[in-house]
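For reference, the structure is listed below as structure tokens.
None of the figures in this text is laboratory data; all of them are computed from the coordinates on show. Predicted model only: the values in this text are computed from it and were never measured. Counting neighbours? That spans all protein chains shown, and the Cβs are built from the backbone with ideal geometry, glycine included.
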Amino acid sequence: MSKNALPLVISAPEPRTLELIFTPPQLARFRKKYRIVETTPEMVAGLPSDILAEARYIVGQPPISSETLETLKVLRCIFNVETNLVNNMPYDTLFQRGIHVVTTGLVFAEPVAELGLAMALNLARDIVDADLAFRQGKELWGGDGNATARLLSGAEVGIIGFGDLGRALNRLLTGFRTRTRVFDPWLPPSILIDNGVEPASLDKV
């Protein structure tokens, strides 16, 4: 198969790079199976019309106006590699045309959930401030050093949103036997209950 016969991919993954996204073997496979046009997010709309008309996939989250989308005649999927779905493209029109917008949220969920748990433990036990006081020779001991401390174990916890990150955090919290309430207006209560959390209003959370 000639290079021009391969499915065309517009690659504009800033702030990431293809080398960061793919392992070397997978990147080599990607380059072998697709015709890749590399550019910056700001330059996507200005690509030649024949490139836009042939583009099957976009890697990245470049700004796409309704006018630009009209020229993307055979676009099937946008691979958002930054995860945050910024309001820079007409999502309603994309969905109406059956064009998928997928993210890498699941990749980041567990690392970010662990970071969130670490921050929660720090707030509950005042770890950073206690360490700083110790280094300055101002540490407090016994009850004085734990006057504002609280246990995460058995605590009441609220989570706003129960997507990839919320679910990953909930899995980490199971070891702490927390009572976890979740507000997510997009999910039915049955899904929350199946995941061992209590559906709740935003005010309650």
By the mean-Cβ-within-10 Å protection proxy, highest first, 130-138, 75-83 rank as 75-83, 130-138
Computed about the Cα centre, the charge dipole of the range 106-199 from +1 Lys/Arg and -1 Asp/Glu charges at the Cβ has a magnitude in debye, to the nearest 20, of 140 debye
In whole angstrom, largest first, the equivalent ellipsoid semi-axes that the Cα gyration tensor gives for the range 106-199 are 32, 15, 9
Treating only Lys and Arg (+1) and Asp and Glu (-1) as charged, each at its beta carbon, one finds that the chain has a dipole about its Cα centre, in Debye to the nearest 20, of 780 debye
tail above 19 Å in the computed P(r) of the range 2-109, as % of all Cα-Cα pairs, reads 41 percent
Any residue on another chain or 5+ positions along whose placed amide H is under 5 Å from the amide H of residue 155 is listed here as 179
Of the candidate values (i) 17.5; (ii) 20.7; (iii) 26.8, the one computed for Kirkwood radius over Cα pairs in Å from this structure is (ii)
Note on the range 106-199: contact order normalised by length, alpha-carbon pairs under 8 Å, 6 or more apart, percent, works out to 29 percent
For the range 32-91, the Cα convex hull volume per residue in Å³ comes to 91 Å³
Calc'd 3J(HN,Hα), the range 47-55, phi into Karplus 6.51 cos²θ - 1.76 cosθ + 1.60 (θ = phi - 60°), Hz, glycine/Pro = x, comes to 5, x, 4, 5, 5, 4, 5, 9, 4
